[in-house]
Amino acid sequence: MEISSKYSAADIENFWYDKWLKNDLFRSVPDHREPYTIVIPPPNVTGVLHMGHMLNNTIQDVLIRRARMAGKNACWVPGTDHASIATEAKVVNMLKEKGIEKKSLSRAEFLAYAMDWKEKYGGIILEQLKKLGCSCDWHRTRFTMEPLLSEAVINVFVDMYNKGLIYRGSRMVNWDPAGRTALSDEEVIYKEVDSQLYYVKYCVPDSDEYIAVATTRPETILGDTAVCVNPNDERYKKFNGKNVIVPIVNRVVPVIFDEYVDIEFGTGALKVTPAHDINDYNIGLKHNLEVIDCFEEDGTMSKKAGFYIGEDRFKVRKKIAADIDNAGLLIKIENIKNKVGYSERTDVVIEPRISKQWFVEMKKFLDKNPQVLQSVLNDEIKFYPNSLKNTYRHWLENIKDWCISRQLWWGQQIPAWYDEDGNTVVAKNYEEALEIYIKKTGKKENIKLLQDEDVLDTWYSSWLWPISVFNGFQNPDNPDIKYYYPTNDLVTAPEIIFFWVARMVMAGYEYKNEKPFKNVYFTGIVRDKLRRKMSKSLGNSPDPLELIAKYGADGVRMGMLICSPAGNDILFDESQVEQGRNFCNKIWNAYRLIMSWDIEEKIDDENISNNHLAFCYIETKINKAIIETDDCFLKYKLSEALMIIYKLIWDDFCSVYLEMIKPAFGKPIDKTTHEECKLVFSKLLKLLHPFMPFISEEIWQKINNINNEFINNTAIPKISETENIDMYESMELISFIRNKRNENNISPKVKSFITINTINTENYKPFEGLIMKLANTGSIAFNNSGKGITGLIGKDEIFVEYEGWQPKQSNNEDILKEINYLKGFLQSIESKLNNEKFMANAKPELIEREKQKKADTLSKIVTLEKQLN
């Protein structure tokens, strides 16, 4: 059988993925089996694969493949998010390159361009996920703006409005000047930046008195309508009833008193700009202050500002500071660090802005659905890691109304209509709106209704995702929604716990009276070795497709997963995926070795019994690994499960078992042993398959001559009934002999001769043949005086001689050093066992383990002292 000397990842991956697709391996329809469902966190339709996607989707694929092998009907629903802000920005830029301005187009024309762009570029990331090996049911691919899902969004909006859960009002919102749209609080990212604090004089008219005010945003001075101080601040009581002059604009404004102002902070005086700060806005409402909006939608100065009209806000910051200084009103400038809010999508500094928007009344929603919080607190929905429950609880207990309107065209247009007097009708479509309006007003003629120009927040469609992908709004009792909902596992990032996770729970209880998923696995953030978040701007994020081309998908999957415990950040290093590739090569070489052996039906060989012991040894190791990995999957410790399988294959299978059964050079292997070896290898490949699907499929198919079956449709290995054997001491002995060879530069071809002084000879005698083979040993003697290199295995004293080799004279200093170390170790154990608190609180098995450690250490000290004498 001709086998390539090198593992060719690209060829094998392309071959098997095509074959999986042609055979509908990932297809799921409701049947008699237990369902297992994951809905993909829909990536932006504008997106391309990045390292976070790689980690998230690899984890989902591991879970879904494992579920298939557990006999469940596994359904992984893929799809993309229409990403209002990001997509509209891409389309606007594309139009600019063609010399077309958005404002020159009608809404319908713009949406036609946007949909064309989506059709051309929108599926890129899903195709890239196939390169990673993701086993989604591609027949079920959904898009948040497709007709059925958009219909669900509109219907939910109308329903919530009719329930009194949605309202429209003028509020201070987060405004994105680049996207020219409102944002929810969760779409604002706060960054610590270098800033300057400007101390400015606000002078009392016809007086030498002034109040010093400190601000980081001098450009907003043009909108000041008061200066506020604390009524308990003795410094400012003399200003009661007085006015001050706002610099540059020379507006006379009152000095007002409010306990909101912190006496200890800054100068203890606050300039009040109701149009540009939420706290100032609230003070303005309380004191009936004028609101002057200094900025246009794009962040340039407005006509109301009166100065610097049309200029960018940040350029004006420098100009106004210079002008205030020239006017003799700038006291000083301090360099400081402060946190500034940035738009999550466009990465520009947001502006607080008073705007008429649509909101979900979140507290009212939660009062109606208390399960949203309780289901997580009582573990009906389990979080991994559990610590994020507190983050979830804190957000819900301090929740603010959700601004759901966006000043964009790409998205679901808000189903609200207004007449010429501003009266509002909310309905699913124009015909229904007209009917409601006529009933409401009694008018039948000259009716002119215009639909709201804004669209709904993208998250307002994706919060319905677990229900809408199964058409659960249009047909609440259809077979899919009844079978697949609630879903099983959600894999997502902790930074969207508010954007998405909490809101999906809200939608689930409001519209299905049921949780949307049972478990939430939160991935960490992928960072570089310097702990910086991966980003294009820093240039520290490798191209995932280039990594796959270089190291293979299996290598990349392993490299990402081996160091990614739930919730913890991943410090990515390319050496990790190199380790994954090396593991693939190790497995491939094991496959080549096994298939290279000549096989004979029956061989009269004393090694036959040793080979059977070797089989029992590796089966014992596999049984242990099955128990441990099953437990890891129950606890969502996927990286630990992978590490167990990695060590099982690399250490126990390749380095030990294959060496145990490998025939002498030029000799054949008996058929029984070879079949046992293939059986063992098949089990290992099945355990590995969810993590590394391509190489496991390729080798499993080849060693078993499979044609019409796939490894992912086979069962996860169960614990075998093969005799369990414990070779711990024998394996320690083999390691000891090999290590001493290496330390003393003794050739592996040189025979070793062993003496073991032990009261438990049965730890070694049954395995003498394997010990002699793996350690190249000429003889093993028990309980005799020995010489040569000495060592301890537990309480057992070991002597090793190598043929024709003389050890150096025993060094008493080394033995004394070891005795002193063990005495120190003994002291630490005894202090633990003498600690009343430890003895009262520790589990019995832990106490027993410490006692055993003490006994073993004492035994080693006695043995070493004998050697010293």
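Given a cut-off of under 8 Å on Cα pairs at least six residues apart, what relative contact order in percent is computed for the chain?
Working: 1425 pairs, mean separation 106.8, N = 869.
Averaging sequence separation for qualifying contacts and normalising by length gives 12 percent for the chain.
Provide the FRET efficiency to the nearest 0.05 for the residue 22-residue 297 pair, computing r from the beta carbons and using R0 = 51 Å.
Details: r = 52 Å, r/R0 = 1.02.
It comes out at approximately 0.45.
Over segment 288-429, average the accessible area per residue using a 1.4 Å probe and give it in Å², no decimals.
50 Å²
Whenever you get a sec, compute what percent of the accessible area on the chain sits on carbon and sulfur atoms (1.4 Å probe).
Numbers: 19540 of 40910 Å².
With neighbouring chains kept in place, the figure for the chain is 48 percent.
Could you list, bin by bin from short to long, the percent of Cα-Cα pairs of segment 663-798 in 10 Å steps?
Result, from short to long distances: 10, 29, 24, 24, 12, 2, 0 percent.
What do you reckon, how do 313, 532 stack up by accessible area (1.4 Å probe), largest on top? Could the numbers behind the result be given before it?
Working: 313 10, 532 95 Å².
The residues order as 532, 313, largest area first.
Pull out a ≥ b ≥ c, the square roots of the eigenvalues of the alpha-carbon gyration tensor of segment 10-51, then state rounded if a/c is under 1.5, prolate if not and a/b is larger than b/c, and oblate in the remaining case.
Details: a/c = 2.85, a/b = 1.15, b/c = 2.49.
Since a/c reaches 1.5 but b/c is at least a/b, the shape of segment 10-51 is classed as oblate.
When Lys and Arg each count +1 and Asp and Glu each count -1, what net charge do the other residues less than 15 Å away from residue 758, Cβ to Cβ, add up to? Spell out each step's value before the answer.
On the way: positive: 765, 795, 860, 866; negative: 726, 729, 732, 762, 768, 796, 797, 856.
Overall, the nearby charge balance is -4.
So, in segment 523-623, how many Lys pairs have Cα atoms under 26 Å apart, if the pair is 8 or more places apart or on different chains?
Values: 529/550; 533/550; 536/550; 550/586; 586/621.
Final tally of qualifying lysine pairs is 5.
Any chance you could run the full-extension gain for residue 713 through residue 193? It's 0.36 nm times the residue separation minus the Cα-Cα distance, nm to one decimal. Kindly include the intermediate steps, with their values, before the conclusion.
Values: separation 520, 0.36 × 520 = 187.20 nm, distance 5.33 nm.
Gain on stretching residue 713 to residue 193: 181.9 nm.
If you roll a 1.4 Å probe over the heavy atoms of the protein chains, what accessible area per residue do you get for segment 569-645, in Å²?
Numbers: 3630 Å² over 77 residues.
Solvent-accessible surface per residue comes out at 47 Å².
Can you show me the helix-derived [θ] at 222 nm for the chain, built from DSSP H runs with n ≥ 4 at -39,500 (n - 2.57) apiece and divided by the number of residues, rounded to the nearest 500.
Numbers: 29 runs with 358 residues, N = 869.
Mean residue ellipticity, 222 nm, calculated: -13000 deg cm²/dmol.
Taking the highest mean first, how do the peptides 716-722, 371-377 order by number of other beta carbon atoms within 10 angstrom per residue? Could the numbers behind the result be given before it?
Values: 716-722: 14.4, 371-377: 18.4.
Top of the packing list down: 371-377, 716-722.
Simple spin-label model, 7 Å along Cα-to-Cβ: residue 631 to residue 435 in nm?
6.3 nm
Going through the cross-link list 817/854; 19/382; 637/795, which pairs have a Cα-Cα distance over 29 Å in this structure? Can you show the working numbers first?
Details: 817/854 19 Å; 19/382 36 Å; 637/795 35 Å.
Over 29 Å Cα-Cα: 19/382; 637/795.
By how many nm would the segment from residue 720 to residue 529 grow when fully extended, if each residue of separation counts as 0.36 nm and the alpha-carbon distance is taken off?
Details: separation 191, 0.36 × 191 = 68.76 nm, distance 4.24 nm.
Taking residue 720 through residue 529 to full extension adds about 64.5 nm, to one decimal.
Given 0.36 nm per residue, what is the gain on full extension from residue 599 to residue 97 after removing their alpha carbon distance, in nm? Intermediate values should be presented prior to the final figure.
On the way: separation 502, 0.36 × 502 = 180.72 nm, distance 6.84 nm.
My answer for the length gained is 173.9 nm.
Taking the mean number of other Cβ atoms within 10 Å as a proxy for protection, how do you rank 133-141, 664-672 from highest to lowest?
The most tightly packed comes first, giving 133-141, 664-672.
Could the peptides 80-89, 846-855, 294-303 be put in order, highest first, of the mean number of other beta-carbon atoms found within 10 Å of their residues?
On the way: 80-89: 24.2, 846-855: 13.2, 294-303: 18.3.
The packing order, highest mean first, is 80-89, 294-303, 846-855.
The values are calculated or read from the model by the stated rules, or taken from the named source; none is laboratory data. Predicted, not measured: the structure shown is a model, and the values here were computed from it. Glycine also receives a Cβ, built like all others from the backbone with ideal geometry; neighbour counts cover every protein chain displayed. All accessible areas refer to the heavy atoms of the entire protein, side chains included, with ligands and DNA or RNA removed. Shrake-Rupley method; radii C 1.70, N 1.55, O 1.52, S 1.80 Å.
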